[in-house]
Amino acid sequence: MGKRIPQDKKFISGISIIDIAEEGKGVGKQDELVFFIERAIPGDVVNVELQRKKKNFVEGKVSEVVEASPYRVDPFCSHFGICGGCKWQHMTYDAQLKFKQQSVANALTRIGKVDVSSMEPILGSEQKTYYRNKLEYTFSNKRWLTNLDEAAEVNTMDALGFHVPGRFDKILAIDHCYLQQDPSNALRNNIYAFASQNGISFYDLKQHEGALRNLIIRTSSTGEVMVIVVFAYPEEGQVEQLMDYIHAEWPHITSLLYIINQKRNDTIFDQEIHVFQGRDFIYEEMEGLKFKVGPKSFYQTNSAQAYELYKITREFAELEGHELVYDLYTGAGTIANFVARSVREVIGVEYVPSAIEDAKINSSINQIANTKFFAGDMKDVLTSEFIALHGKPDVVITDPPRAGMHADVVQRILEMESAKVVYVSCNAATQARDLEMLQSKYEVVRIKPVDMFPHTQHVENVVLLRLK
């Protein structure tokens, strides 16, 4: 039996970090115990503050770096370590790519029993900061006080920023965020200042009262900007007061919208959108194609790298022009419309009806006539009758959510016996699970990870399967 940590012990010294876990924590071992440590990097030797003890593992955070890993760098953001985003800023970008590639390979071999000898080098992101096209901030009267706040003698508990990890009711006030291009930071900071100076109340996440609730900013590669202000219980005249201010300060905003959301949760999908100025959408553009992005639309949050991801997907599909393609989990039809010019027909299927409407609109505005889109639960839509009606696909492209594909959907793909399946995934573990089932009839011939989110542990992966 290995040594156990005494219950009252809070710190452990000299843990060597030997690996990195799926969720991005450093992994160390001591006396048969495994340590998962926030902000630790392979190559570090660290002292650890313990946070949670289980039978065979311990979770903690770095209290001191005794010996720094060669991969360690100074984080560039003043909010690093408190904010829940960009958790790998303290690691060189080359190291991030190395560990992402390793993480995909580990999942595919361990869970999927996949031979990864065909894996190609991960595609890094050219933009490492300001790469997101959408951010959502929260207004709150429950500010998370930091040492910087205390040093500056901040005398307000109002905040506009991000949720502190593990605390639904506490918001970290953000000064400068490196995730989204201008005018994102100026919009957030000036709206915060205006609301504070004019007595517009911030939302109380426990009592469910207050005027201002959320701020959503979408930017696009075309330079267009959408701003959505979500109010809860504004006083008379406050909506017009704030929206007039935003319009006067940023008259070139393409789409200035607001919502009155008095539900207990922040989701806006069931809420009425009010147009204050401009259009109710912005345009994204990719390879001459225009994509209409509304306040409720899904669009990949890294526009430039999404283009690279879709190019890889198209290349893996080896299209010659005659193919019938099924695009499963099509979302707003981005991949379907992107490959439509290279094939005979694309059939797109998606669970969310509003996304399917977006997909149809995106075909229409690009004069694409060889796409058809259907809304419904994938396992219910993709039946033998559906396939008999629309034809057996030559290529299946599938880009499911993090949970992967339902077992019935995997079974249907096996029954269809398409010549090729291109599987795009944001979760290598669930992709690996599905690949293990698909390998009864398919062989994995190409694998290419793509980094969509620098400074995070998240990674996309594209796999080409060919019918045996």
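Brief remarks on what is shown
- Checked against the criterion of being of a type in the set (G, A, S), touching a residue at least 60 places away in the same chain (Cβ under 8 Å), touching a helix residue (DSSP H, G or I) at 6+ places or on another chain (Cβ under 9 Å) and over 30 Å from Q431 (Cα atoms), segment 51-71 has no qualifying residue.
- Test: residue in segment 439-458 that is over 30 Å from F76 (Cβ atoms) and in a helix (DSSP H, G or I): no
- When F276 is tested against (1) under 28 Å from the mean Cα position of the chain (by Cα); (2) closer than 21 Å to Y203 by Cβ; (3) part of a strand (DSSP E or B), just one condition goes unmet, and that condition is (1).
- So A193, is it aliphatic (A, V, I, L, M), closer than 28 Å to A304 by Cα and exposed (fewer than 14 other Cβ atoms within 10 Å of the Cβ): no
- Single residue of segment 363-422 satisfying the filter (small (G, A, S) and without any contact (Cβ under 8 Å) to a residue 12 or more places away in the chain) that is nearest to F316 (Cα to Cα): A369
- Taking the numbered list (1) under 27 Å from K441 (Cα atoms); (2) touching a helix residue (DSSP H, G or I) at 6+ places or on another chain (Cβ under 8 Å) in turn, G376 passes all entries but (2).
- Top-ranked residue of segment 390-427 - restricted to ones that are among the charged types (D, E, K, R) and assigned to a helix (DSSP H, G or I), ranked as surrounded by the fewest Cβ atoms within 10 Å (Cβ to Cβ): E415
- Within segment 269-293, the set of residues being touching a residue at least 12 places away in the same chain (Cβ under 8 Å) and out of contact with any strand residue (DSSP E or B) (no Cβ under 9 Å at 6 or more places or on another chain) comprises F269, M286, E287, L289.
- All conditions in (1) within 30 Å of C177 (Cβ to Cβ); (2) more than 19 Å from the chain's Cα centre (by Cα) hold for L438, with the sole exception of (1).
- Output for segment 228-256, where each listed residue is closer than 15 Å to N214 by Cβ and free of Cβ contacts under 8 Å to residues at least 24 places away in the same chain: V239
- Some residue of segment 213-234 being within 23 Å of the chain's Cα centre (by Cα), under 22 Å from V352 (Cβ atoms), hydroxyl-bearing (S, T, Y) and part of a strand (DSSP E or B): no
- Some residue of segment 361-369 being at negative phi and crowded, with 23+ Cβ neighbours inside 10 Å: yes
- Any hit, segment 294-307, residues being free of Cβ contacts under 8 Å to residues at least 40 places away in the same chain and assigned by TED's automatic domain parsing to the domain that holds M452: yes
- Just one of the listed residues (I200, I191) is closer than 22 Å to A232 by Cα, outside any helix (DSSP H, G or I) and in the same structural domain as T138 (by TED's automatic domain parsing), and it is I200.
- If you go through segment 1-24 and pick out every residue that is at pLDDT below 90 and under 18 Å from S103 (Cα atoms), you end up with 4.
- Residue among Y131, Y93 that is more than 30 Å from N198 (Cβ to Cβ), crowded, with 21+ Cβ neighbours inside 10 Å and among the aromatic types (F, W, Y): Y131
- Of R264, R279, R344, all but one fail to be at pLDDT 95 or above and not assigned by TED's automatic domain parsing to the domain that holds H406; the exception is R279.
- Tally of residues being of a type in the set (A, V, I, L, M) and within 23 Å of the chain's Cα centre (by Cα) across segment 18-36: 2
The values are calculated or read from the model by the stated rules, or taken from the named source; none is laboratory data. Note that this is a predicted model, so its numbers are computed, not measured. Counting neighbours? That spans all protein chains shown, and the Cβs are built from the backbone with ideal geometry, glycine included.
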